[in-house]
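Q: Pasting a structure here, questions to come.
Bear in mind these aren't lab numbers, they're just calculated from the coordinates by the rules spelled out. Remember, predicted model here, so these are calculated numbers, not experimental data. All Cβ positions, even for glycine, are placed from backbone atoms using ideal geometry, and neighbour counts span all protein chains on display.
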Amino acid sequence: MDKWAELHRLRGVNKDRHILDLFDGSRAGDFTVEAEGMRLDYAKTNIDAQTRAALVRLAEESGVAEKRAAMFSGEKINDTEGRAVLHVALRAGEGAVIRVDGQDVLPDVRRIRAACAAFARQVREGVFTGQGGRITDVVNIGIGGSDLGPAMAYLALQPCADGPRCHFVSNVDGAHVHDTLRGLNPETTLVIVASKTFTTIETMTNADTARRWMAEKVANPAAQFAAVSTAGDKTAAYGIDPERVFGFEDWVGGRYSVWGPIGLSLMIAIGPERFDDFLAGGRAMDAHFMGAPFARNMPVLLALVGIWHNQICGHATRAVLPYDQRLARLPAYLQQLEMESNGKRVAVDGSDLATQSGPVVWGEPGTNGQHAFYQLIHQGTRVVPCEFLVARRGHEPDLAHQHLLLVANCLAQAEALLRGRSLEEARAIMAKKGLAGAELERQARHRVFPGNRPSTVLAYDQLTPFTLGQIIALYEHRVFVEGVILGINSFDQWGVELGKELALALQPLLEGKAGTEGKDGSTAALVGFLRG
Ligand SMILES: O=P(O)(O)OC[C@H]1O[C@H](O)[C@H](O)[C@@H](O)[C@@H]1O
């Protein structure tokens, strides 16, 4: 039988009921799951015990447990590229053994982590210096997974960022590198070129620009460059001293790579000990993911809630709304993690996907979003499932009253989405304002909130390195589970290739070195307009 059939049936039967009516005495507890101090509340969704059971069955029938075991044991589950998927190895604990092609990969992981930690300490303690003295600034040049992870985490962990300042340059737009370097002193800046492949044109172009910038002031610019890559031959050809090259293996996907050497800038900023706490948070989530039964398993449940909303209810987008300003880059990070992983129309076996692919993910921190796009979330015609994140405590004890306001706003938004405001309530408000008759009716309709809109809340004590590790690993595993259920390979990204090829081919046209024959009329005309 079609594994989706029961869920579609349940959706049909329960479509019009109100989520609020599902609340009996025990729902809040029953639809909340905890893992190491982190709490996921999915009670404000239209999922009841029967639907949850059907969703759990879907995960079981899709082989989530088997695929999970295969991933953690180093099998080559990325089968369009013939690679294992082992970002979990980057945070594995002492004593763990994970084999790829019969070889334990962890000794190398530990060795490189120790090398990164030693270098990070040298930079932080002023043992490694620039040609003008102690390193004051670190510029990480990378894009996609070689940028978003460390950039997001650096902002998230500002309260413990006591090393040199970090900056992140990604865009090939010269404005990015120009505006970043403008305020920096080349004699005290360390540049980290972060690229898994060391061929990405944006990164290599920006690295060249940074090298020229440094060469203007510094006798030996290469001495202030480090590299993070899987391609040791290419980093050597680029002239970076192997002592400052930190390698990793191709079984770490770019968007899963912040746990290893790609996190070097973060490690320099917060120190290796706190970086270890970050890894420990990820490891704690791994243990939970491996051990908890599906019905109490946070990543599995988050994935199932996502499947329910997207593939079953047809809500094509999901808003990620951190009530935590330092998670401002989390939505962008998750856009890569989720959309590059699960935005695919072909199943593992090459057939067309039987359902929609993963959702469009977007968002901004609260409360800012409330004053911008929440209008659509509350009163638009489309339902946008919302994912709130919020901490019990901030890092500014003297501003606790602001944190309280933040939390109140977060809970209020989830409550407003759930409850809404009925036409009767809106009429009463208008009547109080002195309106009557047709005008009261007209004005009241604008003030109705349909409610019955689903949301989840991920709550934690405080945004620490450990918590951030938990959050990222939670989302990684969520994406994994969704991918298994959808039947796709979450670990390749062929969809980014065509644009790269065409961009290369368009360069000579823009330089006027080649004609636009063979191009469609629109592209040819735009080349004509944009040619310098
Ligand atoms: O780290 P790199 O090899 O430079 O790759 C950087 C990024 O670009 C690619 O095009 C992929 O879409 C991303 O998954 C990757 O993270």
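Q: Where does the chain land at 222 nm, in deg cm²/dmol rounded to the nearest 500, when only DSSP H runs of n ≥ 4 count, each adding -39500 (n - 2.57), divided by all residues? Could the numbers behind the result be given before it?
A: Details: 20 runs with 229 residues, N = 532.
Helix-only estimate at 222 nm: -13000 deg cm²/dmol.
Q: While we're looking at this one, here's another question. Using only alpha carbon pairs under 8 Å that are at least six residues apart, calculate the relative contact order of the chain and give it in whole percent.
A: 18
Q: A follow-up question, please. Whole-Hz ³J(HN,Hα) for each residue in region 252-266, computed from phi via Karplus 6.51 cos²θ - 1.76 cosθ + 1.60 with θ = phi - 60°, x for glycine and proline: what do you get?
A: 9, x, x, 6, 10, 9, 4, 6, x, x, 4, x, 4, 4, 4
Q: Here's something else I'd like to know. Could you tell me the center-to-center distance, by alpha carbons, between region 229-252 and region 342-416 in angstrom?
A: 38
Q: Please list 3J(HN,Hα) in residue order for region 229-242, calculated via the Karplus relation 6.51 cos²θ - 1.76 cosθ + 1.60 where θ = phi - 60°; whole Hz, with x for glycine and proline.
A: Here the 3J(HN,Hα) series is 6, 8, 10, x, 5, 6, 5, 5, 4, 7, x, 8, 4, x Hz.
Q: Ok, one more. Loop sites only, by DSSP: take the GluC sites (Glu not before Pro) in the chain that have at most 11 other C-beta atoms within 10 Å and name the longest stretch containing none of them.
A: Numbers: sites that count: GLU94, GLU216, GLU511, GLU517.
Result, exposed sites excluded: 217-510.
Q: Amide H of HIS167 versus every other amide H placed in the peptide plane: which residues, excluding those fewer than 5 positions away on the same chain, fall under 5 Å?
A: For HIS167, whose amide H was placed from the backbone, the distant partners under 5 Å are VAL138, VAL139, ASN140.
Q: If you don't mind, there's one more thing I want to ask. Charges at C-beta only: +1 for Lys and Arg, -1 for Asp and Glu. How large is the resulting dipole of region 309-395 about its Cα centre, in Debye rounded to 20? Let's see the in-between values first.
A: Values: 8 positive and 7 negative charges, 61 e Å.
That gives region 309-395 a dipole magnitude of about 300 debye.
Q: Ignoring solvent entirely, what values of log10 I(q)/I(0) come out of the Debye formula for region 259-418 at 0.13 Å⁻¹ when each Cα is a single scatterer?
A: Results for region 259-418 at q = 0.13 Å⁻¹ read -0.82.
Q: Let me ask something else. Using Cα-Cα distances under 8 Å and only pairs 6 or more residues apart, what relative contact order does region 149-307 have, in percent? Could you put the intermediate results ahead of the total?
A: Working: 171 pairs, mean separation 39.1, N = 159.
Relative contact order here is 25 percent.
Q: What does the charge dipole of region 178-241 about its Cα centre add up to, to the nearest 20 debye, if the Cβ of each Lys and Arg holds +1 and the Cβ of each Asp and Glu holds -1? Working shown, then result.
A: Details: 6 positive and 7 negative charges, 5 e Å.
For this selection, approximately 20 debye.
Q: Could you calculate the FRET efficiency of ASP104 with ALA525 from 1/(1 + (r/R0)^6), where r is the beta carbon distance between them and R0 is 56 Å, rounded to 0.05? Numbers along the way, then the final one.
A: Working: r = 58 Å, r/R0 = 1.03.
It comes out at approximately 0.45.
Q: Taking H placed 1.01 Å from N in the peptide plane, check which residues at least 5 places from GLY130 or on another chain put their amide H under 5 Å from its amide H.
A: ILE135
Q: How many lysine pairs are close in the chain, with Cα atoms under 24 Å apart and the two 8 or more places apart or on different chains?
A: Count of close lysine pairs: 15.
Q: Hey, could you grab the Kirkwood Rh for region 378-507? Inverse mean 1/r over distinct alpha carbon pairs, Å, one decimal.
A: Values: mean 1/r = 0.0515 Å⁻¹.
Result for region 378-507 stands at 19.4 Å.
Q: To one decimal place, what orientation-averaged projected area in nm² is obtained for the convex hull of the Cα set of region 19-173?
A: Values: hull surface 62.3 nm².
Computed as one quarter of the Cα hull surface, the answer is 15.6 nm².
Q: Angle between the Cα long axis of helix 521-530 and the longest principal axis of the chain, 0 to 90 degrees, nearest 10?
A: Approximately 60 degrees, to the nearest ten.
Q: Report the Cα centroid-to-centroid distance between region 467-506 and region 113-172 in angstrom, as an integer.
A: Between the Cα centres of region 467-506 and region 113-172 lies a distance of 25 Å.
Q: Through the Karplus equation 6.51 cos²θ - 1.76 cosθ + 1.60, θ set to phi - 60°, convert the phi angles of region 492-507 into ³J(HN,Hα) values in whole Hz; use x for Gly and Pro.
A: 10, 7, 5, x, 9, 7, 4, x, 4, 4, 5, 4, 4, 5, 7, 4
Q: Please list, in order, the residues from region 446-486 whose amide nitrogen is less than 16 Å from a point placed 7 Å along the Cα→Cβ vector of LYS432.
A: 447-449
Q: Here's something else I'd like to know. Where the eigenvalues come from the Cα gyration tensor of the chain, what are the semi-axes √(5λ) of the equivalent ellipsoid, largest first, in whole Å?
A: Numbers: eigenvalues 343, 154, 138 Å².
Value: 41, 28, 26 Å, ordered largest first.
Q: Still on this structure, please answer the following. For region 153-274, max minus min Cα coordinate along each principal axis, in Å, sorted largest first?
A: Projected onto its principal axes, the Cα set of region 153-274 covers 35, 35, 28 Å.
Q: I've got another one for you. Considering Cα pairs under 8 angstrom that are at least six residues apart, work out the relative contact order of region 394-497 and quote it in whole percent. Write out the running numbers ahead of the final one.
A: Values: 56 pairs, mean separation 26.5, N = 104.
RCO, region 394-497: 25 percent.
Q: Among DSSP beta bridges whose residues both lie in the chain, state the antiparallel percentage, nearest 5.
A: Values: 14 of 45 bridges.
Among the beta bridges of the chain, antiparallel pairing accounts for roughly 30 percent.
Q: About the Cα centre of the chain, how large is the charge dipole given +1 on each Lys and Arg Cβ and -1 on each Asp and Glu Cβ? Please answer in debye to the nearest 20. Don't jump to the answer; show the numbers that get you there.
A: Details: 56 positive and 62 negative charges, 247 e Å.
The calculation lands at about 1180 debye.
Q: Hey, fewest Cβ within 10 Å first, where do HIS288, HIS401, HIS395 land in order?
A: The most exposed by this proxy come first: HIS401, HIS395, HIS288.
Q: Under a 5 Å amide H to amide H cut-off, with H placed in plane at 1.01 Å, what residues pair with ALA226 once short-range neighbours are removed?
A: Placed amide hydrogens put VAL191, ILE192, VAL193 under 5 Å from ALA226.
Q: For region 249-329, just say rounded, prolate or oblate: build the C-alpha gyration tensor, square-root its eigenvalues into a ≥ b ≥ c, call rounded for a/c under 1.5, and beyond that prolate if a/b exceeds b/c, oblate if not. Kindly include the intermediate steps, with their values, before the conclusion.
A: On the way: a/c = 2.03, a/b = 1.60, b/c = 1.27.
Cα axes put region 249-329 in the prolate bin.
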